[in-house]
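Participant: Here it is: the structure, laid out below.
None of the figures in this text is laboratory data; all of them are computed from the coordinates on show. Predicted model, so just to flag it, every value in this text is computed and none were measured. No Cβ is skipped: glycine too gets one built from the backbone with ideal geometry, and neighbour counts run over all protein chains shown.
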Amino acid sequence: MERRPLVLVHGLWDTPHLFHRLVGQLDRAHVPLLVPHLPHRLGAVPLRTLASHLDQHIQAHWGSEQPIDILGFSMGGIISRIWLQELGGASRSRRFISVGSPQRGTLTAQWIPRWLFAGLADMKRGSALLRQLNADSSALASLSCTSFYCRWDAMVFPGWQAVLPLGVSHAVPVFTHQQLMAHPLALSMLMHTILGD
């Protein structure tokens, strides 16, 4: 069976290497992958700029027509969502998987000055970016949306609010943010969703 291509979008202080365990399993399942590096200068680059860079990677790799699925981890989930909602990505996507992503903001970013770290400030609770994305999420309505989160997440706090405004959500029984992409149980849950019809 031919698998739909999948884009994996890393988060803050991460590189594509973050996904190495997941990529190993996806390779064995013959899922075509794009795992771009999006340099964010420690959170200084605005998330809309990073979403534009993501779009450039996707266009260069698969053109403008190839249907894809997309998975974003942490900050990568917000970048992916901007691409879907504002850059036309939803029109060519079937599935959006958000993993430990501050879709409603995180208190850990609350005191970050925007002039210094614009990308980090975009993830504040009540930021202008998140208000705009959440005010009209209709572009996501045609997608299969799934959110995975860690209740005890110290990076995306409170962890139970790291969910999209639509679709299904799953609490992953792990204890840290990074375990969402490393723990065998988390990987099993992700693979089940990625390979599901």
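Participant: For region 119-139 and region 1-63, what is the separation of their Cα centres, given in Å?
Facilitator: Distance between centres, Cα-based: 21 Å.
Participant: Over the chain, what is the relative contact order in percent, taking alpha-carbon pairs closer than 8 angstrom and at least six residues apart? All intermediate terms of the calculation are to be shown ahead of the outcome.
Facilitator: Numbers: 389 pairs, mean separation 38.1, N = 197.
With pairs under 8 Å counted, the relative contact order is 19 percent.
Participant: Residues with beta-carbon under 10 Å from that of Leu164, excluding Leu164: net charge, scoring Lys, Arg +1 and Asp, Glu -1?
Facilitator: Local charge sum for Leu164: +2.
Participant: What does the C-alpha gyration tensor say about the overall shape of region 46-132? Classify as rounded when a/c is under 1.5, otherwise prolate if a/b is larger than b/c, or oblate. Please report the intermediate quantities before stating the final value.
Facilitator: Details: a/c = 2.55, a/b = 1.89, b/c = 1.35.
The shape class here is prolate.
Participant: Mind checking which of His20, Ser80, Asn134 is farthest towards the positive end of the chain's charge dipole, using Cβ charges of +1 (Lys, Arg) and -1 (Asp, Glu) about the Cα centre?
Facilitator: Projecting each Cα onto the dipole axis, the largest value belongs to Asn134.
Participant: Next question, about the same structure. How charged is the neighbourhood of Ile97? Take every other residue with its Cβ under 14 Å from the Cβ of Ile97, and add Lys/Arg as +1 and Asp/Glu as -1. Present the calculation step by step, with values, prior to reporting the outcome.
Facilitator: On the way: positive: Arg4, Arg81, Arg94, Arg95; negative: Asp69.
Net charge around Ile97: +3.
Participant: Also, quick follow-up: Using alpha-carbon pairs under 8 Å, 6+ residues apart, how would you state the relative contact order of region 100-197 in percent? Mind showing how you got there, number by number?
Facilitator: Working: 158 pairs, mean separation 27.0, N = 98.
It comes to 28 percent, rounded to a whole number.
Participant: Now a separate question. When the dipole is taken about the Cα centre of the chain, and only Lys, Arg (+1) and Asp, Glu (-1) are charged at their Cβ, what size is it in debye, to the nearest 20?
Facilitator: Working: 16 positive and 11 negative charges, 71 e Å.
Magnitude of the dipole: close to 340 debye.
Participant: Could I ask something else about it? For n ≥ 4 DSSP H runs only, could you compute -39500 (n - 2.57) per run for the chain, divide by its residues and tell me the 222 nm figure to the nearest 500? Show your work: numbers first, answer last.
Facilitator: Working: 6 runs with 61 residues, N = 197.
One gets -9000 deg cm²/dmol as the mean residue ellipticity at 222 nm.
Participant: Oh, and also: Rounded if a/c is under 1.5, else prolate if a/b beats b/c, else oblate: with a ≥ b ≥ c from the C-alpha gyration tensor eigenvalues square-rooted, which is region 6-195? Write out the running numbers ahead of the final one.
Facilitator: Numbers: a/c = 1.37, a/b = 1.12, b/c = 1.22.
Since a/c stays below 1.5, the shape of region 6-195 is classed as rounded.
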